[in-house]
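Enquirer: Here it is, the structure in full.
The values are calculated or read from the model by the stated rules, or taken from the named source; none is laboratory data. Quantities reported herein were computed from a predicted structural model and do not represent experimental measurements. Reconstructed Cβ throughout: ideal geometry from the backbone, glycine too, with neighbour counts over all protein chains shown. To get the accessible areas, we keep the full protein, side chains included, count just its heavy atoms, and leave off ligands, DNA and RNA. Shrake-Rupley method; radii C 1.70, N 1.55, O 1.52, S 1.80 Å.
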Amino acid sequence: MLSSHDVDALTEKSREKSEEKSEARSRASRPSPGPGAQGVVLDGVTLAVADVVRLADGAARPEAAADALRRVERAWHTARELAASGRVYGRSTGVGANRNEAVPTEAAAGHGLRLLRSHAGAIGDPLPDREVRAMLAVRANQLLAGGAGLRPTVVTALCEALGAGAQPVVNEFGSVGTGDIAALAQVGLALAGEHPWRGGPAPEPQPLDNNDALALISSNALTLGQAALALDELRRLISAAETVGALSLLAVDGSYEAYAEPVHAARPHPGSRATAARMRALLGAPARPTPPLGRIQDPYGFRCLPQIHGPAHDAADALEAVLAIEVNAAAENPLISPDDLAAYHHGGFYLAQLALALDHFRLSVTQVARLSTSRLSALNEPAYTRLKPFLADAEAASSGVMILEYAAGAALGDLRAFAAPASLGHAVLSRGVEEQASFASLAARQTLRIGGALRLVVGCELVAAIRALRQRGLRPDPELPVGRAYALADAVLDEDVTDRPLTDDVDRAAALLDRFKDVDV
């Protein structure tokens, strides 16, 4: 029995470990673009998801394209002319149900700041710096598309903040998928010098007026930035799950037949066919593998991997295609068109495409996680491994990795909850004038959150797969990708097979998944 001194020591050790993890996460979120950091050109046309991630991570510096800045300036002059001579929503009128309320000329200068102050009411916890930086990157690029009609110095200030590692404090909740107006109003007040920054030095305060406020906040930049970060992480984890699946296949003497090229040529869904090809490459299998002499076919966890991972890759591609349009879109309402001296009022800010793409993607990722738990069950079964149940040691009735099935199942439960379609939400706002909402903002947050659950599920499988391979004395060919993955895991995971807590093992395995990209094919 543990003494009170032992309990205190263990508690202190647990607390220190928790603090170390918290500090590591904090360090990971801090941008540090060094003087040699590569630049990302923001031109309102070509920004990619990978660029958003690099800017969010501080791995690159933004560079506003000169021709795009000229577009911004031209639209700004056009917007000022239109607002001075006619009714333009949000510039010479109120917003929402106040759209028919005119702003007197003598009040126009202060209208912008009042709008920002009234809308900067986001609530909840402050967002991680990385998510705020992703939002700044997306918004700067969208503004460079030239349809917002706000002063050009706002764009340069956003780029300056990104380059310096500065970001405003932005709270989590305030959007229903028809514009991240609360979060972006906080950015606007920060640009005006009325809201706190953190990180690097803040840019010089901007003189925002009635022609700048709505033009800045009429965007879904936060939702888009969060979606880009989630997509980047989940793509890596889906691929890592395939590598872990290959290790598990070797541990149970599985067949390569399910990945044969003729199988997938006969049913040529792009994602499934590409996944089967990747599995063959990971394992060093030929296009037409020879059927095994043992069992006729494997459990679904191995046999259906291309049919389940394939749709996840297809859903990721579809989501990236939507994001590629949105992060480069001039979707502000109204859209300022210098070519015909017009301000077009529209609903281009409504993110139905993104909400649906995110919902579809999360549902497909849930299938990937479920398949991992299926393989974990197979690794616990002597009929497949020819080892003791639960990969236990030689002691009588040892439990081995039994608890990993429960832990993975619990994490999968969270993942299933986050996979619920956000696009089913509904809201009627602003005195009934805005009677629909996409809830893409919720979909993006849910997609960010499933990464941690998926990481833990696959981490549980990896711990079991490596233990099974070790107990069977099987070491994959180090020249193959699956062999390189084994070597990485073998160097990190504890070899002790006695009954003991496996929390640290799963933590190490979950963290290791990001490194599997280094063994990729």
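Enquirer: Which numbered condition trips up Ala122, out of (1) open to solvent by 20 Å² or more (accessible area, probe 1.4 Å); (2) at pLDDT below 95; (3) touching a strand residue (DSSP E or B) at 6+ places or on another chain (Cβ under 6 Å)?
Expert: Here Ala122 clears every test but (1).
Enquirer: Can you confirm whether the stretch 370-380 contains a residue that is part of a loop (DSSP other than H, G, I, E, B), among the charged types (D, E, K, R) and within 29 Å of the chain's Cα centre (by Cα)?
Expert: No, that holds for no residue.
Enquirer: A further question follows. Quickly run through the stretch 330-357 and pick out the residues that are among the aliphatic types (A, V, I, L, M), closer than 21 Å to Gln226 by Cβ and surrounded by 20 or more Cβ atoms within 10 Å (Cβ to Cβ). First the steps, then the outcome.
Expert: First, the residues of the stretch 330-357 that are among the aliphatic types (A, V, I, L, M): 330-331, 335-336, 341-343, 351-352, 354-357.
If we keep only those that are closer than 21 Å to Gln226 by Cβ as well, we get 330-331, 351-352, 354-357.
Residues satisfying the conditions are Ala330, Ala331, Leu351, Leu354, Ala355, Ala357.
Enquirer: Pairs, please: C-beta under 9 Å, at least 6 apart or cross-chain, first residue in contact (Cβ under 8 Å) with a residue 60 or more places away in the chain and farther than 15 Å from Gly473 by Cβ and in the stretch 378-394, second among the polar types (S, T, N, Q) and crowded, with 21+ Cβ neighbours inside 10 Å?
Expert: Ala378/Ser248; Ala378/Thr385; Leu379/Ser248; Leu379/Thr385
Enquirer: Do you know which of the residues in the stretch 206-261 that are polar (S, T, N, Q) and under 30 Å from Leu305 (Cβ atoms) is modelled with the lowest pLDDT?
Expert: As a first pass, look at the stretch 206-261 and keep what is polar (S, T, N, Q): 206, 210-211, 218-220, 223, 226, 239, 243, 248, 255.
With the extra rule that they be under 30 Å from Leu305 (Cβ atoms), the set shrinks to 226, 239, 243, 248, 255.
Numbers: Gln226: 98, Ser239: 97, Thr243: 98, Ser248: 98, Ser255: 94.
Among them, the one singled out is Ser255.
Enquirer: For the stretch 451-476, how many residues meet the condition of being open to solvent by less than 10 Å² (accessible area, probe 1.4 Å) and not in a helix (DSSP H, G or I)?
Expert: Counting residues in the stretch 451-476 that are open to solvent by less than 10 Å² (accessible area, probe 1.4 Å) and not in a helix (DSSP H, G or I) gives 0.
Enquirer: Filter the stretch 492-521 down to the residues that are open to solvent by less than 70 Å² (accessible area, probe 1.4 Å), in a loop (DSSP other than H, G, I, E, B) and under 15 Å from Ala241 (Cα atoms) and list them by number.
Expert: Asp520, the sole residue that qualifies.
Enquirer: Does Leu448 fit the bill of being within 27 Å of Pro421 (Cβ to Cβ), under 27 Å from the mean Cα position of the chain (by Cα) and open to solvent by 10 Å² or more (accessible area, probe 1.4 Å)?
Expert: Yes.
Enquirer: With the requirement that a residue be charged (D, E, K, R) and modelled with pLDDT of 60 or more, what does the stretch 424-447 give you?
Expert: First, the residues of the stretch 424-447 that are charged (D, E, K, R): 431, 434-435, 445.
Scanning the stretch 424-447 gives a single hit, Arg445.
Enquirer: Would a scan of the stretch 155-169 turn up a residue that is open to solvent by 20 Å² or more (accessible area, probe 1.4 Å) and hydrophobic (A, V, I, L, M, F, W, C)?
Expert: Checking the stretch 155-169: at least one residue is open to solvent by 20 Å² or more (accessible area, probe 1.4 Å) and hydrophobic (A, V, I, L, M, F, W, C).
Enquirer: Among the residues of the stretch 330-338, is there at least one that is at pLDDT below 95, in contact with a helix residue (DSSP H, G or I) (Cβ under 9 Å, 6 or more places away or on another chain), closer than 20 Å to Val244 by Cα and of a type in the set (D, E, K, R)?
Expert: Taking every residue of the stretch 330-338 in turn, none turns out to be at pLDDT below 95, in contact with a helix residue (DSSP H, G or I) (Cβ under 9 Å, 6 or more places away or on another chain), closer than 20 Å to Val244 by Cα and of a type in the set (D, E, K, R).
Enquirer: Which one of the conditions (1) exposed (fewer than 13 other Cβ atoms within 10 Å of the Cβ); (2) assigned to a helix (DSSP H, G or I) does Glu479 fail to meet, given that it meets all the rest?
Expert: Of everything listed in (1) exposed (fewer than 13 other Cβ atoms within 10 Å of the Cβ); (2) assigned to a helix (DSSP H, G or I), Glu479 misses just condition (2).
Enquirer: I'm trying to understand the selection: among the residues of the stretch 374-389, which are under 23 Å from Ala411 (Cα atoms) and surrounded by 21 or more Cβ atoms within 10 Å (Cβ to Cβ)?
Expert: Arg375, Leu376, Ala378, Leu379, Asn380
Enquirer: Answer yes or no as to whether Arg362 is closer than 25 Å to Ala444 by Cα, open to solvent by less than 40 Å² (accessible area, probe 1.4 Å) and basic (Lys, Arg).
Expert: For Arg362, the condition - closer than 25 Å to Ala444 by Cα, open to solvent by less than 40 Å² (accessible area, probe 1.4 Å) and basic (Lys, Arg) - is met.
Enquirer: Which of the residues that make up the stretch 279-291 are touching a helix residue (DSSP H, G or I) at 6+ places or on another chain (Cβ under 6 Å) and in a helix (DSSP H, G or I)?
Expert: Met279, Arg280, Leu282, Leu283 - these are the residues of the stretch 279-291 that are touching a helix residue (DSSP H, G or I) at 6+ places or on another chain (Cβ under 6 Å) and in a helix (DSSP H, G or I).
Enquirer: Wholly within the stretch 139-206, which strands (runs of 3 or more DSSP E) include no fewer than the required count, namely at least 1 residues that are of a type in the set (Asp, Glu) and touching a helix residue (DSSP H, G or I) at 6+ places or on another chain (Cβ under 8 Å)?
Expert: 171-173
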